[in-house]
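Enquirer: Below you'll find the structure I mean.
The values are calculated or read from the model by the stated rules, or taken from the named source; none is laboratory data. These figures come from a predicted structure and were not determined experimentally. No Cβ is skipped: glycine too gets one built from the backbone with ideal geometry, and neighbour counts run over all protein chains shown.
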Amino acid sequence: MNRTCTILLLSLISFFCQGQVSNVGEQTISYIDHARERPIKTQIWYPTTDQDVKETALPFVLTPTIQNATFINKKYPLIVLSHGTGGNRLSLAWLAIELAKNGYMVLSPDHWGNTLDHKIPEYFVRYWERPLDLSFLLSSFLQDERFTNYLDSNRIGTIGFSLGGYTALALAGIQLDCELLKRNALSEQGHKEFIVPELGDLTALLTRIPCTEIPTTLKDSRFKVHIALAPALGLGLLEQNYQKMPPVLIIGAHDDQIAPIETNAIRYSNVIGGSKFVKLPRNTGHYIFLNEGNPQLQKEASTYYQDDRSIDRKLIHQQIATEIIHYLANHLR
């Protein structure tokens with residue numbers, strides 16, 4: 001190999017490796033929003049040079065992390081995640097780990113009352129609580145002296161899945177019409193979208209939403225980039241244009257039966273000026289965005305962890321991560 005080729009190869013290796021760290025630290029913290037009486041249990045992932053990696057005890061296929069690892073003395077951009085209905089703070093662990101490997105600190109809270117192990121039916125439809133959770137979490141984290149030395153407070157973004165996708169867009173300034181959402185939920189198509197595997201038919205609960213409790217806006221300008229994965233609640237979206245919006249990336253699954261892209265991801269994209277929409281390949285469903293399950297979990301919870309035979313979840317995750325990391329690199333600078 002001649003000298004020119006050697007230099008070129010080394011340059012390429014340097015380009016692809018810069019920004020990636022060898023290991024990822026992980027820990028759990030908790031805050032309490034006393035004003036709303038909501039605990040906010042949160043997982044953190046972050047770059048570390050510690051070496052004591054351990055395989056996860058969770059039933060997922062995940063890159064090993066290091067519990068309570070040492071922080072690197074550097075300020076990192078922050079990404080705050082929002083899980084889907086009936087999920088939890090670990091639902092998008094695969095993505096959090098990938099982001100941490102690429103130089104981001106990641107927070108992921110449990111949305112109280114709307115998690116896998118703590119289901120309160122009312123909180124499956126009180127959708128406005130979720131953006132408030134993320135705003136409260138961000139305020140608490142920015143004031144937490146344990147982490148302020150490692151956080152670039154000018155570079156903050158949010159990524160959400162399903163109802164969490166709506167959450168990310170609400171923080172960007174998207175506003176739903178509560179009464180329109182109620183009416184559309186009674187239509188044939190709307191009714192289908194409010195029957196969820198996690199709790200069944202939510203239509204009756206939805207019609208009892210106290211619309212007057214919903215804040216006029218849930219926008220939080222501290223978040224500079226917003227990424228929505230298979231966002232839900234598009235049936236409450238008015239046909240208006242949002243031109244002055246921060247950068248928004250929306251990723252939809254081609255064959256999503258829970259939050260169909262025509263009434264959700266595409267509808268959001270059409271009203272948000274300058275947004276980018278990416279459609280995943282044919283035969284990808286709503287739950288493609290969740291962690292890859294181990295063989296036992298794929299059998300026990302096939303609805304969430306078993307895909308069409310033509311789909312390799314790991315490969316789709318690589319595509320999603322590449323799209324997200326590239327978007328963040330361009331818009332969270």
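Enquirer: Please verify whether region 113-121 includes one or more residues that are acidic (Asp, Glu) and either within 24 Å of SER139 (Cα to Cα) or surrounded by 19 or more Cβ atoms within 10 Å (Cβ to Cβ) (or both).
Expert: no
Residues checked against (1) farther than 17 Å from GLY165 by Cβ; (2) touching a Pro at 6+ places or on another chain (Cβ under 7 Å); (3) not β-branched (Val, Ile, Thr):
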site	(1), (2), (3)
ASN68	yes, no, yes
PHE71	yes, no, yes
LYS74	yes, no, yes
VAL80	no, no, no
ASN88	no, no, yes
LEU92	no, no, yes
ILE97	yes, no, no
GLY103	yes, yes, yes
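Enquirer: Of everything in region 26-65 that's of a type in the set (Lys, Arg) and in a strand (DSSP E or B), which residue is farthest from the chain's Cα centre (by Cα)?
Expert: LYS54
Enquirer: Tell me the residue from THR203, THR216 that is more than 26 Å from VAL80 (Cβ to Cβ) and among the hydroxyl-bearing types (Ser, Thr, Tyr), please.
Expert: None of the other options fit; the residue is THR203.
Enquirer: Could I ask something else about it? Pairs, please: C-beta under 7 Å, at least 6 apart or cross-chain, first residue touching a residue at least 40 places away in the same chain (Cβ under 8 Å) and in region 197-225, second among the aromatic types (Phe, Trp, Tyr) and in a loop (DSSP other than H, G, I, E, B)?
Expert: LEU202/PHE194; LEU206/PHE194; ILE214/TRP128; PRO215/TRP128; LEU218/TRP128
Enquirer: Still on this model: Which members of region 241-258 meet the condition of being closer than 20 Å to ILE288 by Cβ and in a loop (DSSP other than H, G, I, E, B)?
Expert: Selection gives ALA253, HIS254, ASP255, ASP256, GLN257, ILE258.
Enquirer: Give LEU332, LEU315 a once-over and let me know the one that is crowded, with 18+ Cβ neighbours inside 10 Å and of a type in the set (A, V, I, L, M, F, W, C).
Expert: LEU332
Enquirer: Name every residue in region 289-333 that is touching a helix residue (DSSP H, G or I) at 6+ places or on another chain (Cβ under 8 Å), over 30 Å from ARG222 (Cβ atoms) and either of a type outside the set (Asp, Glu) or assigned to a helix (DSSP H, G or I) (or both), in order of residue number.
Expert: Listed by number, the residues that qualify are GLY293, LEU297, GLN298, THR303, TYR304, TYR305, GLN306, ILE311, ARG313, ILE316.
Enquirer: Also, I was wondering about something else. Of everything in region 294-333, what is over 19 Å from ASP255 (Cβ atoms) and out of contact with any strand residue (DSSP E or B) (no Cβ under 8 Å at 6 or more places or on another chain)? Give them in sequence order.
Expert: Hits for region 294-333 are PRO295, GLN296, LYS299, GLU300, GLN318, ALA321, THR322, ILE325, HIS326, ALA329, ASN330.
Enquirer: Hey, can you tell me all the residues within region 306-324 that are β-branched (Val, Ile, Thr) and under 18 Å from GLY165 (Cβ atoms)?
Expert: Passing the criteria: ILE316, ILE320, ILE324.
Enquirer: Another question about this same structure. Would you check if there is a residue in region 91-101 being outside any helix (DSSP H, G or I), of a type in the set (Val, Ile, Thr), within 16 Å of THR28 (Cβ to Cβ) and modelled with pLDDT of 95 or more?
Expert: no
Enquirer: Another question, if that's okay. How many residues does region 259-282 hold that are of a type in the set (A, V, I, L, M, F, W, C), part of a helix (DSSP H, G or I) and surrounded by 20 or more Cβ atoms within 10 Å (Cβ to Cβ)?
Expert: Result for region 259-282: 1.
Enquirer: Could you tell me whether TYR327 is closer than 15 Å to ILE227 by Cα and not polar (S, T, N, Q)?
Expert: yes
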